[in-house]
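Step one of this worksheet: look at the structure below.
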Amino acid sequence: MKKLSLAPCGIEDLLEQARGRFYAQADEQNIILLVEVQEPLPRLHADQAQLDRVLDNLLDNALRHTPENGLIRLQARRHGERVIVSVEDNGEGIAYGQQGRIFEPFVQVGRKKGGAGLGLALCKEIVQLHGGRMGVYSRPGQGTQFYMALPL
Ligand SMILES: Nc1ncnc2c1ncn2[C@@H]1O[C@H](COP(=O)(O)OP(=O)(O)OP(=O)(O)O)[C@@H](O)[C@H]1O
Ligand SMILES: [Mg+2]
């Protein structure tokens, strides 16, 4: 993917729609999927279809690595001239030694693998094409938060 198709994009809609796509699967796993938006949030100038792909992969990952009765939060807040969007779970977490390489293509850790190990590499590329950056905080055994900082 090389070119974005930018348009005004409401962040709350982006997160609510993502929740809508995964609500049934979360419910089936007895996982609560929350959207928490810190108002007021300005609109982004972004490629919504591509940001949908980012959120789809992060939510697909979170649901795979979070046990029954878990909690997944989709959050957005403004931080200066950026908006921070994050997906946080209280699942198995990622070993500290692996966190630095998790965005590289084909890197998969543990047993609950998804497809090819390409999801996070694609997420990072899409976020960088928007002029943003992506990162992870995780505590093994406690949970994982993936975040993206997108410029306004
Ligand atoms: N929320 C999470 N909790 C724990 N581990 C995670 C989480 N998200 C990703 N990981 C780890 O990071 C690895 C890479 O994730 P990535 O999305 O790139 O690949 P994948 O999900 O395995 O495959 P694909 O996305 O191509 O279907 C995963 O295999 C998993 O080990
Ligand atoms: Mg994935």
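Collect the residues in the range 6-64 that are surrounded by 16 or more Cβ atoms within 10 Å (Cβ to Cβ), part of a loop (DSSP other than H, G, I, E, B) and among the charged types (D, E, K, R), keeping them in residue-number order.
Across the range 6-64, the qualifying residue is only 47.
With 99, 75 as the choices, which residue is crowded, with 17+ Cβ neighbours inside 10 Å and more than 16 Å from ligand 2 (Cβ to nearest atom)? Give the derivation first.
Details: 99 fails: more than 16 Å from ligand 2 (Cβ to nearest atom).
One residue alone meets the criteria, 75.
Within 22 Å of residue 6 (Cβ to Cβ), touching a residue at least 24 places away in the same chain (Cβ under 8 Å) and in contact with a strand residue (DSSP E or B) (Cβ under 7 Å, 6 or more places away or on another chain) - does that describe any residue in the range 58-72? Working first, answer last.
Residues of the range 58-72 within 22 Å of residue 6 (Cβ to Cβ): 58.
Next cut, touching a residue at least 24 places away in the same chain (Cβ under 8 Å) only: 58.
Remaining after also requiring in contact with a strand residue (DSSP E or B) (Cβ under 7 Å, 6 or more places away or on another chain): 58.
Checked against the condition, which is being within 22 Å of residue 6 (Cβ to Cβ), touching a residue at least 24 places away in the same chain (Cβ under 8 Å) and in contact with a strand residue (DSSP E or B) (Cβ under 7 Å, 6 or more places away or on another chain), the range 58-72 yields at least one hit.
Quick check on this structure: which one of 92, 104 is more than 8 Å from ligand 1 (Cβ to nearest atom), more than 30 Å from residue 40 (Cα to Cα), assigned to a loop (DSSP other than H, G, I, E, B) and free of Cβ contacts under 8 Å to residues at least 60 places away in the same chain?
Values: 92 fails: more than 8 Å from ligand 1 (Cβ to nearest atom).
So the residue among 92, 104 that is more than 8 Å from ligand 1 (Cβ to nearest atom), more than 30 Å from residue 40 (Cα to Cα), assigned to a loop (DSSP other than H, G, I, E, B) and free of Cβ contacts under 8 Å to residues at least 60 places away in the same chain is 104.
I need every pair where a residue in the range 131-152 that is among the basic types (Lys, Arg) and assigned to a strand (DSSP E or B) has its Cβ under 9 Å from the Cβ of a residue that is open to solvent by 40 Å² or more (accessible area, probe 1.4 Å) and within 12 Å of ligand 1 (Cβ to nearest atom), sequence separation at least 6 or different chains.
Partner pairs satisfying both residue conditions: 133/124.
Among the numbered criteria (1) small (Gly, Ala, Ser); (2) open to solvent by 20 Å² or more (accessible area, probe 1.4 Å); (3) more than 12 Å from ligand 1 (Cβ to nearest atom), which single criterion is violated by residue 119?
Status for residue 119: all satisfied but (3).
Got a sec? Which of 83, 127 is assigned to a helix (DSSP H, G or I), of a type in the set (A, V, I, L, M) and under 25 Å from residue 5 (Cβ atoms)?
Numbers: 83 fails: assigned to a helix (DSSP H, G or I).
Answer to the check: 127.
The values are calculated or read from the model by the stated rules, or taken from the named source; none is laboratory data. Note that the structure is a prediction, hence the values are computed from the model and not measured. We place every Cβ from the backbone using ideal geometry, glycine too, and count neighbours over all the protein chains shown. Protein only, heavy atoms only, side chains kept; ligands, DNA and RNA dropped before computing areas. Shrake-Rupley method; radii C 1.70, N 1.55, O 1.52, S 1.80 Å.
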